[in-house]
Amino acid sequence: MAQGVLMACVPLLGERALGGAARGAVLLSCAAGAGLVANGVLARLVVVPDAVIRLGALVQAAGLALAATDRPAALVGAALLIGAGEGPQLTALFAVRHRESPDHLRSQIFTTGASMKITGFAVGAALAGPLAARSLPGALLLAAGVAAVAWVRSPGWR
């Protein structure tokens, strides 16, 4: 859901802080690049996927809160944080799904998980539209809160 909120806010962030709505796409490129680099680094390490899922949610929450400051340098840093959390988190999520799914149900579990992710994204984007029009920082802080809840509710929380 937090990613959907962010996607709805990117054009406004680009317009307000980077000089044009289209420049918001730079933030998405930064996030994608950071996710790729983070996955490359973690691929060389032995990590527990459950821990990566938790840490990824926390890193994304921090990045989304940082994005609410609406400053150009902070926005680039926020995009890098968000990508560094999101990329490895998705990879770890696939590892956990594979580990926990019985062979005969694996395709259904992956398909259902993907459907839930898309639905959450759409709900986040739908909520963010009207909220971002009133308060862009408020929408980003909502996304940070959602990511923080995901951190608390993710595997391994005791």
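The values are calculated or read from the model by the stated rules, or taken from the named source; none is laboratory data. All values derive from a computational prediction rather than experimental measurement. Every residue, glycine as well, gets a Cβ built from its backbone with ideal geometry; the counts of neighbours run over all protein chains shown. Surface areas here come from the heavy atoms of the whole protein model, side chains and all, with no ligands, DNA or RNA. Shrake-Rupley method; radii C 1.70, N 1.55, O 1.52, S 1.80 Å.
Condition check ((1) free of Cβ contacts under 8 Å to residues at least 24 places away in the same chain; (2) over 19 Å from the mean Cα position of the chain (by Cα)) across all residues:
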site: LEU80; (1), (2): no, no
site: SER107; (1), (2): yes, yes
site: THR111; (1), (2): yes, yes
site: ALA114; (1), (2): yes, no
Notebook entry, point to check: Among the residues of the range 2-11, is there at least one that is within 23 Å of GLY129 (Cα to Cα) and without any contact (Cβ under 8 Å) to a residue 24 or more places away in the chain?
Noted result: yes
Check: Only one residue in ALA67, ALA21 is of a type outside the set (Phe, Trp, Tyr) and either under 16 Å from the mean Cα position of the chain (by Cα) or farther than 21 Å from PHE121 by Cβ (or both). Which one?
Finding: ALA67
Notebook entry, point to check: In this structure, is LEU131 closer than 14 Å to MET7 by Cα, part of a helix (DSSP H, G or I) and open to solvent by 70 Å² or more (accessible area, probe 1.4 Å)?
Noted result: no
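Take ARG44 and tell me if it is charged (D, E, K, R) and in contact (Cβ under 8 Å) with a residue 40 or more places away in the chain.
no
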Check: When both residues are 6+ apart or on different chains and their Cβ atoms are under 8 Å apart, which pairs have a first residue that lies in the range 120-134 and is closer than 16 Å to GLY14 by Cα, and a second that is surrounded by 14 or more Cβ atoms within 10 Å (Cβ to Cβ) and of a type outside the set (A, V, I, L, M, F, W, C)?
Finding: ALA128/GLY4
Next item on the list: Six or more apart or on different chains, Cβ under 9 Å: which pairs go from a residue in the range 135-148 that's over 15 Å from ALA61 (Cβ atoms) to one that's open to solvent by 10 Å² or more (accessible area, probe 1.4 Å) and in a helix (DSSP H, G or I)? Could you list them?
Entry: SER135/LEU141; LEU136/LEU12; LEU136/ARG16; GLY138/LEU131
